[in-house]
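Data first, discussion second: the structure below is written as structure tokens.
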């Protein structure tokens, strides 16, 4: 029997009467604890109201995203965009704190439609440097994506693709470390666990790829994606990581870029679909192959604010995952925090499964890459085509024909970039980042 404490003396007689009806009290002097056979009642546990509120907030937030059912068919692209909308707004507000004060200068890197001459486009790769104007322009460009763009993790190479004809931005792409577990990729390559552990270093994942307006209106995205397969990208990878020692393995595995994977954000991708180029002799330049589909797990459905509250639970418990986010401690740190945190809250770990279909593609850098990645061959001849060779083929196949069929791109004005992001600002005036973020909140 559990008694509720009373402070009202008038109720004391009632309490005494109740006590007289209970079993005799045990004298611990005569019956020490080790001799007591029947269990003592457990104390009543009162849950922290903050925990209850966090659980409620998580469920309400996920419900608001209208994620597709896990067993549903591939959802419409607009449904996927809607599911990511809150995360996109959150990311844009964060990024604008840095980009906002610089927007008047950065926006000049975008072309007006009448500044683009499809027949004279000449792409060049500009490496992105964090904290530099190239890094700020890259971050601004990513805000045009309807799906929030990851910052990547581990090894990372980012590029601006610029048109040498007019000096304007065509698009961007970035390569980062691939995820360790990707069933369709591993099965397609023919990897076992040991193969993957030993040779994953020779892969990269393109975590953002695409063109910006007005180049995106004339299939500039296919041009940008094709440039991933260029000799210049392979050389940049070798220079940066060819002799690097792995932080986790502690080994120098002489990394060579053999394969690049990319995952569509919105199901079947018109950008990646049928991406294949040949030169005038009929020899393959680049090709993206469909290797499978994933409906895996993600963390976009939990805002940064919710994630930090979950992580704080682990901090309070001194859990090793709480601050285990330094590179070298595993790329899935955020997933690990969420799995443990959700379990602590009594929630299903499957809440981080988004149920969204994503096509997985791969771009081989050599024809017999599987022999190398499976250890059947030790030497490969990385003889990749140049940017000029790839861009000539891409312009002739995609860009120039589209520009002739759809000349509307010529009407585009660079200030429309900010409208598409959701920022209303008068160019040429001092940028007020805080005011623009407030506008963004209202416009979204």
* Taking the options 241, 165, 207, 215, name whichever one is more than 19 Å from residue 273 (Cα to Cα) and either surrounded by 23 or more Cβ atoms within 10 Å (Cβ to Cβ) or within 25 Å of the chain's Cα centre (by Cα) (or both). => 241
* Asked: Residues of the stretch 147-168 being more than 16 Å from residue 237 (Cα to Cα), in contact with a strand residue (DSSP E or B) (Cβ under 6 Å, 6 or more places away or on another chain) and part of a strand (DSSP E or B), which ones?
  -> 161, 162, 163
* Sort out for me the helices (runs of 4 or more DSSP H) sitting completely within the stretch 327-403 that have 1 or more residues that are within 30 Å of residue 216 (Cα to Cα). => 387-394
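Conditions (1) surrounded by fewer than 20 Cβ atoms within 10 Å (Cβ to Cβ); (2) over 15 Å from residue 256 (Cα atoms); (3) without any contact (Cβ under 8 Å) to a residue 40 or more places away in the chain, marked per residue:
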| position | (1), (2), (3) |
| --- | --- |
| 170 | no, yes, no |
| 175 | no, no, no |
| 184 | yes, yes, no |
| 187 | yes, yes, no |
| 211 | no, yes, no |
* Looking at 250, 246, which one is touching a helix residue (DSSP H, G or I) at 6+ places or on another chain (Cβ under 9 Å), farther than 24 Å from residue 88 by Cα and at pLDDT below 70? -> 246
* Structure fact -> Checking 376, 353, 358, 402 in turn, the sole residue that is surrounded by fewer than 18 Cβ atoms within 10 Å (Cβ to Cβ) and within 30 Å of residue 298 (Cβ to Cβ) turns out to be 353
* Kindly indicate which of 105, 120 is closer than 19 Å to residue 416 by Cβ and either in contact with a strand residue (DSSP E or B) (Cβ under 7 Å, 6 or more places away or on another chain) or surrounded by fewer than 18 Cβ atoms within 10 Å (Cβ to Cβ) (or both). => 105
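The values are calculated or read from the model by the stated rules, or taken from the named source; none is laboratory data. It should be emphasised that the depicted structure is a prediction, and the values quoted were computed from it without experimental measurement. For neighbour counting, all protein chains shown are included, and Cβ atoms are generated from backbone atoms with ideal geometry for every residue, glycine included.
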